[in-house]
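Here the structure comes first, spelled out in structure tokens, and everything after it is commentary.
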Amino acid sequence: TAFADVSSGVESVVPENFGTPKTYTLSKNTYTYNGDAKCPEVVVTNENGAVIDAKHYKVTYKNNLKPGNATAKVTFVSGGFNNELGFKVLPKKVGKPSLKSTKQKQFTVTVKEDKTVTGYEIAYSTAKNFKNSKTVSLGVKTDVRKTVKGVKNNKTYYVKVRGYKKTSGGNLYGI
């Protein structure tokens, strides 16, 4: 509905009645860090299931630049409706680790440092599918090398490494 303000000569648009927002949905709940801001699309529906046009609300994002828990805050232009939606930004894939076996019954894993993670989880196994694997953690603050002791001689070990970010809700693991 449009009306003319005779005193100023400006035409204004009165927002249509969009109903009461009922569901808020993000286009994606999980992202992998790549250096870019993550801004999932927000879709809001009313009590009748109809999609509310995005012109009726504004979306602002918080903590969406680095690995961790991020939020999308939806604020309606009128009506006082607000909501916050959470999504995750996971650490990026860790590059191929360097492996060395300098002594019997042990090997050393070295990873390239990533300042966006809290630490690394190293999984190793004699099985290619990592059945019965063991894991050890490596904190970034200490070093980017970990010596794994107590392994069997003359066995092939498979190793994979992933970064993690500590959050208030637990660790977020990369791929």
| query | With the other protein chains left in place, how much accessible area per residue, in square angstrom, belongs to the chain at a 1.4 angstrom probe? | reply | 66
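Restrict the search to region 52-105; then list the trypsin sites (Lys or Arg not before Pro) that DSSP places in a loop and that have at most 15 other Cβ atoms within 10 Å of their Cβ. Walk me through the intermediate numbers first.
On the way: sites: K55, K58, K62, K73, K88, K92, K93, K100, K103, K105; in loops: K92, K93, K103, K105.
Here the sparse-neighbourhood loop sites are K93, K103, K105.
Restricting attention to region 41-138, which GluC sites (Glu not before Pro) occupy a DSSP loop and are surrounded by at most 14 other Cβ atoms within 10 Å? Before the final figure, lay out the partial values.
Details: sites: E41, E47, E84, E113, E121; in loops: E41, E47, E113.
Within region 41-138, the qualifying GluC sites (Glu not before Pro) (loop, at most 14 other Cβ atoms within 10 Å) are E41, E47, E113.
Need one number: convex hull volume per residue for region 97-175, Cα atoms only, in Å³.
On the way: hull volume 8.0 nm³, N = 79.
In region 97-175, the Cα convex hull volume per residue is 102 Å³.
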| Counted charge near L172, where neighbours are those whose Cβ lies closer than 9 Å (Asp, Glu -1; Lys, Arg +1) | +3
| message | Could you compute the net charge surrounding A70? Neighbours are other residues with a C-beta less than 10 Å from the C-beta of A70; K and R count +1, D and E count -1. | response | +4
| task | Using the structure shown, select from K22/K93; K66/K146; K103/K131; K62/K100; K88/K131; K28/K152 the pairs with a Cα to Cα distance greater than 32 angstrom. | result | K22/K93; K62/K100; K28/K152
| request: For K92, enumerate residues with amide H under 5 Å from its amide H, sequence gap 5+ or separate chain, H modeled in the peptide plane. | output: Y33
| said: Less than 17 Å from a label point 7 Å out along the Cα-to-Cβ axis of A123: which backbone N atoms in region 132-171 qualify, by residue? | reply: 132-138, 157-165, 171
| query | Tell me, what HN-Hα J-couplings in whole Hz come from the Karplus equation 6.51 cos²θ - 1.76 cosθ + 1.60 at θ = phi - 60° for each residue of region 104-120, using x for Gly and Pro? | reply | 5, 6, 7, 9, 10, 10, 10, 10, 6, 5, 10, 6, 8, 10, 7, x, 10
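Pulled fully out, how much extra length does the chain show between A54 and T32, if you take 0.36 nm times their separation in residues and subtract their Cα-Cα distance?
Numbers: separation 22, 0.36 × 22 = 7.92 nm, distance 2.59 nm.
Extra length from A54 to T32 when fully extended: 5.3 nm.
Once the mean 1/r over all distinct Cα pairs of region 32-175 is inverted, what Kirkwood radius in angstroms do you read off?
Values: mean 1/r = 0.0554 Å⁻¹.
The Cα-based Kirkwood calculation yields 18.1 Å.
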| Heavy-atom accessible surface of region 20-175: percent carbon and sulfur, 1.4 Å | 46
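The values are calculated or read from the model by the stated rules, or taken from the named source; none is laboratory data. Here the structure is a predicted model, which is why all the values come from computation and not from measurement. Don't worry about glycine lacking a Cβ; one is built from the backbone with ideal geometry, like all the others, and counts go over all protein chains shown. The area values use the complete protein model at the heavy-atom level, side chains included, leaving out ligands, DNA and RNA. Shrake-Rupley method; radii C 1.70, N 1.55, O 1.52, S 1.80 Å.
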